[in-house]
Amino acid sequence: MLVVEGPNGNGIGKSLALKKGFELVASRSKVYPDGESEVGIEGLVMGRDVTIVQSGFPNPDKSLFEALLLSAHARREGAKSVALAMPYLIYARQDKELKEKKVVVSLNVEFNLMRSVGIDALFTVAPHNPKSLSNFRGLTGFSYATETLANEVRKDLSNPYVLAPDKGALVLAMPFAKALGCGFTNINKQRDRLTGEISISEAPDVNFSGHDVIIPDDIISTGGTTALSGKFAFEHGARKVVAAAVHALMVGNAREKIKEAGISKVYGTNTVKSDGVQVADVTDEIARGLVAMMPERFRVLRN
Ligand code: R5P
């Protein structure tokens, strides 16, 4: 297996090589004055199984197109197979037909584009709705990164309690609570699909007195969900509140919103580049996931 570090690989390809012994090939990229991208693979891929590592954030559309170009290049140069490891899968939140919006399902368009350039396997971390991966007509795999995040968070908390911001985040909250040996609960938030405004639609009867509360989520985008959950935790007696998101995008004034809600720290992972976040490295989980997804393509792997 050859791993190609894409221009937005976030160093994960290099880390897979350094920590796990995967064979690494670099890519080159250039942006023309009109904003068009040119990318290419700097090595021989003929007859080889290739995994391209390219995150989807920042610059989602550019990152996706670069991943498509790299994959097409690998195929044209004779790669035997092409897998894409996209640690943050963009368009994953646009996976449903919404009548009021009258738009196409962006995630499915993205999947079709990936297939059309020869990507036959797709690996990601904490996809928004794992079930939607079944619409990719090839191999798929994912990891939640909860183990890595929980290990990072546990150092700073005492008497923790996990508060999921909605039912969907329970898939993260439950393993988090298990790893930290503590209880968990959830509120339910609703988002107005047109205005984007969020509010709490269901809340448990809880008392967080004496607890450090942790809010896990797959994504922090504008920070609204995290801030709302943080306020709820403090109103219900929390001593301290921190947030842990696999993909801490921290868009716009997310940081300020979260700080204003009293949340003292945000933990994230290197699936995306983000400032002001304590970052945990998901290389190990990605390595394990890639090997589990396509064991026949890996021959040498350092433990
Ligand atoms: C939504 O269902 C996701 O799991 C996140 O809660 C959401 O994307 C966070 O967005 P924001 O930070 O803009 O509230």
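Just so you know, all these numbers are worked out from the coordinates, no wet-lab data involved. Quantities reported herein were computed from a predicted structural model and do not represent experimental measurements. Here Cβ is always computed from backbone atoms with ideal geometry, including for glycine, and neighbour counts include all displayed protein chains.
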Summed residue charge, Cβ within 13 Å of residue 125's Cβ, Lys/Arg positive, Asp/Glu negative: -4
Percentage relative contact order, segment 88-216, counting C-alpha pairs under 8 Å, at least six apart: 19
In sequence order, calculated HN-Hα J values of segment 182-194 (Karplus, 6.51, -1.76, 1.60; Hz; x Gly/Pro): 9, x, 8, 8, 9, 9, 10, 9, 10, 10, 5, 4, 8
Considering only segment 128-257, percent of DSSP beta bridges that pair antiparallel, nearest 5: 20
Between segment 110-132 and segment 226-285, the alpha-carbon center distance in angstrom: 27
Relative contact order computed over the chain (Cα-Cα under 8 Å; 6+ residues apart), in percent: 15
Under 14 Å, Cβ to Cβ, from residue 30 - net charge with Lys/Arg +1 and Asp/Glu -1: -3
Mean residue ellipticity (222 nm) of the chain, computed from DSSP H runs ≥ 4 via -39,500 (n - 2.57), nearest 500: -8500 deg cm²/dmol
Spread of Cα-to-Cα distances over 10 Å intervals beginning at zero, given as percent, for segment 3-109: 15, 42, 29, 11, 3
Exposure proxy ranking, count of Cβ atoms within 10 Å, fewest first, for 163, 64: 64, 163
Hz values of 3J(HN,Hα) by residue in segment 268-281 - Karplus curve (6.51, -1.76, 1.60), Gly and Pro given as x: x, 10, 7, 5, 9, 8, 8, 8, x, 10, 7, 9, 9, 8
Trypsin sites (Lys or Arg not before Pro) within segment 116-183, DSSP loop, no more than 12 other Cβ atoms inside 10 Å: 137, 155
Qualifying GluC sites (Glu not before Pro) for segment 145-223 [loop in DSSP, other Cβ within 10 Å: at most 10]: 197
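Convert 20 °C to kelvin, take the viscosity as 1.002 mPa s, use the Kirkwood radius over C-alpha pairs of the chain as Rh, and evaluate the Stokes-Einstein diffusion coefficient in µm²/s, rounded to a whole number. All intermediate terms of the calculation are to be shown ahead of the outcome.
Working: Rh = 20.0 Å.
The estimated diffusion coefficient comes to 107 µm²/s.
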Amide H contacts under 5 Å for residue 52, placed H, 5+ residues apart: 4, 83, 84, 85
Electrostatic dipole magnitude of the chain [Cβ: Lys, Arg +1; Asp, Glu -1; Cα centre; debye, to 20]: 380
